[in-house]
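Structure, as structure tokens:
FYI, it's all coordinate maths here, none of it is from the lab. Given the structure is predicted, the values throughout are model-derived calculations rather than measurements. Counting neighbours? That spans all protein chains shown, and the Cβs are built from the backbone with ideal geometry, glycine included.
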Amino acid sequence: MTGFAVDPTAIASDVAALGRIGAQPDGGVTRTTYDPAWVQARDLVRKMMADRGLSVRVDAVGNVYGRLAGTDGSRTVLTGSHLDTVPNGGNYDGALGIVAGIAALDALNRDRGRPRDNVEVVAFVEEEGTRFGADFLGSRALVGGADPAELHATRDVDGVSVAEAMRAVGLDPGHIGEAKRTDLKAFLELHIEQGPVLEGTGTDLGVVDAITSLAVEDARVTGRADHAGTTPITHRADALRAAARMIVAADERARACGPPATATVGMCRVHPGGANIVAERAEFSLDARHPDPAVLGRLVEEIHQQWQAIAATEGVDLAITPRRVTDGALMDPGLGALLREAAGVCGASAWTLTSGAGHDSQVLAPHVPTGMLFVPSRAGRSHCPEEFTEPEHAAIGARVLATALHQLAY
Ligand code: HGY
Ligand code: MN
Ligand code: MN
């Protein structure tokens with residue numbers, strides 16, 4: 001492998017260090033926006049950046065930036081990924097893009113010195129939306145797409161608003177507009193594939209051509225609490241029975257739509273939640289995806305129609321609250337070519353992939369030329385504690401990233 005020197009052991013050790021913050025007893029990691037684990041991880045990322053000689057700042061929404069200042073500092077080439085995780089997630093989703101970005105800037109600094117344009121690495125807040133459901137908040141703030149009103153309206157399960165949580169970690173929600181940037185020349189995000197293609201084909205890297213569209217919403221089914229033994233099975237308004245039918249219906253609509261459509265209910269809460277009480281209320285999430293926004297729109301509409309029909313036959317009320325529709329995005333073809341060329345320079349094989357996962361890159365892409373690089377995921381596993389990427393694979397990705405950043409900024 002030729003090109004910039006990146007130490008696989010150092011990458012693995014930095015990923016592991018971040019993974020210890022928010023580590024759960026059963027092996028996963030839960031690091032949600034503005035929580036104590038996020039604060040600790042933010043501080044560790046700041047230290048990692050500063051130790052490599054980068055100048056560090058935290059913006060108005062809590063995104064952490066490390067900068068290698070350019071001789072003509074009017075424009076910035078940015079890399080990085082997100083610092084938050086899903087509940088009980090893995091060590092690599094998001095974190096690897098930050099760690100590999102820091103390693104790439106370090107390699108550039110050591111081998112080539114000061115760039116012409118600024119080169120920066122970012123650790124975004126709230127990509128997953130785990131705590132607030134404010135998916136992509138950090139990258140949306142960067143492009144000026146974070147609505148100040150949502151900071152007060154959006155709350156976590158304990159009723160804490162984004163704005164209150166921001167204040168608790170020293171951020172002023174009134175200043176969120178200051179997170180917007182207009183100096184970006186390009187954004188490159190390194191990320192784990194989260195699927196099995198690269199490993200299965202023995203390919204070093206994926207160059208992403210497009211990212212899926214996704215719709216996320218919350219459903220609340222309200223029935224009637226009753227005694228589990230004395231209320232005849234035919235005389236109930238069982239919220240959980242209705243929700244169960246709705247959950248299966250969503251899955252069936254996605255199957256009928258055909259690959260790569262997906263519909264996932266990954267969260268369900270039941271109230272009051274007693275073994276001997278007919279459920280009064282069931283709340284669940286829906287995550288639906290398709291690369292074509294029109295197909296996604298039709299899929300969500302079909303799911304809603306089925307749910308309404310089920311609610312009517314089950315005698316329950318249904319309330320659907322859309323959280324967000326995030327349009328998919330095409331990655332910049334020029335940056336795709338640059339990443340493939342950089343892979344060639346480094347002696348790495350590359351395959352073109354479409355991302356079924358959402359990424360901050362899709363938020364930036366309409367505003368800034370954006371490219372994504374995937375590294376292999378062991379057994380394709382992600383959003384689970386088993387998530388793993390071989391240190392050497394991660395280092396190949398960081399070398400290719402450094403090579404591409406060099407092309408863009410020197
Ligand atoms: O859910 C996603 O696709 C991403 O991991 N945020
Ligand atoms: Mn994720
Ligand atoms: Mn991710």
Just to verify a result, which residue in the stretch 214-263, among those that are touching a residue at least 24 places away in the same chain (Cβ under 8 Å) and among the basic types (Lys, Arg), is surrounded by the fewest Cβ atoms within 10 Å (Cβ to Cβ)? Arg224
If Ala149 satisfies every condition in (1) within 29 Å of Asp218 (Cα to Cα); (2) hydrophobic (A, V, I, L, M, F, W, C); (3) within 15 Å of ligand 3 (Cβ to nearest atom); (4) part of a helix (DSSP H, G or I) but one, which is the exception? (3)
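Among the residues of the stretch 129-150 satisfying the criterion of being charged (D, E, K, R) and crowded, with 24+ Cβ neighbours inside 10 Å, which is farthest from Ser81 (Cα to Cα)?
So in the stretch 129-150, the residues charged (D, E, K, R) come out as 131, 135, 140, 147, 150.
Within this subset, residues satisfying the condition of being crowded, with 24+ Cβ neighbours inside 10 Å are 131, 140.
Details: Arg131: 18, Arg140: 13 Å.
Across the stretch 129-150, the extreme among qualifying residues is Arg131.
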Scan the stretch 88-129 for residues that are in a loop (DSSP other than H, G, I, E, B), closer than 30 Å to Ala215 by Cβ and away from ligand 1 (no atom under 12 Å from the Cβ) and jot them down. Asn88, Asn91, Val125
Identify, please: which residue in the stretch 343-388 is among the β-branched types (Val, Ile, Thr), in a strand (DSSP E or B) and surrounded by 19 or more Cβ atoms within 10 Å (Cβ to Cβ) and is, among those, nearest to ligand 2 (Cβ to nearest atom)? Val375
Residue count for the stretch 180-189, restricted to those that are away from ligand 1 (no atom under 16 Å from the Cβ) and buried (at least 23 other Cβ atoms within 10 Å of the Cβ): 3
For the stretch 389-410, how many residues meet the condition of being assigned to a helix (DSSP H, G or I) and among the acidic types (Asp, Glu)? 1
Given the residues Leu83, Leu184, Leu171, which is the only one that is within 16 Å of ligand 3 (Cβ to nearest atom) and either aliphatic (A, V, I, L, M) or in contact with a Leu (Cβ under 6 Å, 6 or more places away or on another chain) (or both)? Leu83
Residue within the stretch 313-333 that is buried (at least 19 other Cβ atoms within 10 Å of the Cβ), more than 16 Å from ligand 2 (Cβ to nearest atom) and without any contact (Cβ under 8 Å) to a residue 40 or more places away in the chain present: no
Would you pick out the residues in the stretch 190-213 that are within 18 Å of the chain's Cα centre (by Cα) and more than 12 Å from ligand 1 (Cβ to nearest atom)? Leu190, Gly206, Val207, Val208, Asp209, Ala210
Name the pairs whose Cβ atoms lie under 8 Å apart, with the first residue in the stretch 349-368 and among the β-branched types (Val, Ile, Thr), the second near ligand 1 (Cβ under 10 Å from one of its atoms), and 6 or more positions between them or separate chains? Thr354/Ile211; Thr354/Thr212; Val363/Phe136; Val363/Thr326
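Residue-by-condition table, conditions (1) farther than 22 Å from Asp93 by Cβ; (2) within 16 Å of ligand 2 (Cβ to nearest atom); (3) in contact with a helix residue (DSSP H, G or I) (Cβ under 9 Å, 6 or more places away or on another chain); (4) not in a loop (DSSP other than H, G, I, E, B):
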position	(1), (2), (3), (4)
Gly133	no, yes, no, no
Ser139	no, yes, yes, yes
Gly159	yes, no, no, no
Met166	yes, no, yes, yes
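Residues in the stretch 86-96: is at least one within 16 Å of ligand 2 (Cβ to nearest atom), surrounded by fewer than 24 Cβ atoms within 10 Å (Cβ to Cβ) and of a type in the set (S, T, N, Q)? Full working, then the answer.
First pass over the stretch 86-96, keeping only residues within 16 Å of ligand 2 (Cβ to nearest atom): 86-96.
This time we only want the ones that are surrounded by fewer than 24 Cβ atoms within 10 Å (Cβ to Cβ), so: 86-88.
So of that shortlist, the ones also of a type in the set (S, T, N, Q) come out as 88.
Yes, the stretch 86-96 has at least one match.
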Suppose we filter the stretch 47-87 for residues that are more than 16 Å from ligand 1 (Cβ to nearest atom) and in a strand (DSSP E or B); how many remain? 13
